């Protein structure tokens, strides 16, 4: 017989709240860092200088061609121990999510830049603007406007992908869902509640990004 034990939700409600807050923090931090990393990688990949474009291509393809879970584990067990004595799950998760987002955002921004008519760059430089000024004031504003929907999709995906941080004991939302299930062996109360929270986060984010896109 199907029944729900609301006492489990009452007990774990504070943990679900703190886990949701951490999920939002990880996602927002990763998308901000990932955006600037992606912007740099996109410009580097489009550069005519091989010492810039070749490393950027290798980095992007390496990140896009390997699982995010593997990247989180490498960050936690490999990179973070080199920087600090005690591994920190939150920092490792943020690092891995930022790098992963940066690689995908780089390709999104690169596509946006290539979609802008190349004659505009030539015209801007003919008017006396440097290559940097032409990109800054002419090309990038148009490119970034066109890729807002794709960037929004990346943010929504990042919210869901942050659940993988639970594998390294980062106390985000999925971590507490697993903890509750391990204690009570109750799937409906824990995972369905967690799924609803993720659904609310993604729907609200999609609505906000949709309004931004319209503006």
Pick from the range 160-191 the residues that are over 22 Å from residue 9 (Cβ atoms) and surrounded by fewer than 21 Cβ atoms within 10 Å (Cβ to Cβ): which of them is modelled with the lowest pLDDT? 169
With respect to residue 157, determine if the residue is closer than 21 Å to residue 209 by Cα, surrounded by 13 or more Cβ atoms within 10 Å (Cβ to Cβ) and free of Cβ contacts under 8 Å to residues at least 24 places away in the same chain. yes
Collect the residues in the range 138-151 that are surrounded by 18 or more Cβ atoms within 10 Å (Cβ to Cβ) and either part of a helix (DSSP H, G or I) or in contact with a strand residue (DSSP E or B) (Cβ under 6 Å, 6 or more places away or on another chain) (or both), keeping them in residue-number order. 138, 139, 140, 143, 151
When you scan the range 1-120 for helices (runs of 4 or more DSSP H) that lie fully inside it, which ones turn up with 1 or more residues that are surrounded by 13 or more Cβ atoms within 10 Å (Cβ to Cβ) and modelled with pLDDT of 95 or more? 6-46, 50-64, 68-74, 89-115
Does any residue in the range 116-127 that is in contact (Cβ under 8 Å) with a residue 60 or more places away in the chain come within less than 9 Å, Cβ to Cβ, of a residue that is in a helix (DSSP H, G or I) and surrounded by 10 or more Cβ atoms within 10 Å (Cβ to Cβ) six or more places away or on a different chain, and which pairs are these? none
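Quick grid of which residues meet (1) in a helix (DSSP H, G or I); (2) under 19 Å from the mean Cα position of the chain (by Cα):
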{"site": "129", "(1), (2)": "no, no"}
{"site": "136", "(1), (2)": "yes, no"}
{"site": "164", "(1), (2)": "yes, yes"}
{"site": "167", "(1), (2)": "yes, yes"}
{"site": "178", "(1), (2)": "yes, no"}
{"site": "181", "(1), (2)": "yes, no"}
{"site": "197", "(1), (2)": "yes, yes"}
{"site": "200", "(1), (2)": "yes, yes"}
{"site": "210", "(1), (2)": "yes, yes"}
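The values are calculated or read from the model by the stated rules, or taken from the named source; none is laboratory data. Bear in mind that the values here come from a model prediction, so they are computed numbers and not experimental data. Ideal geometry is used to build each Cβ from the backbone, glycine not excepted, and the neighbour counts take in all protein chains shown.
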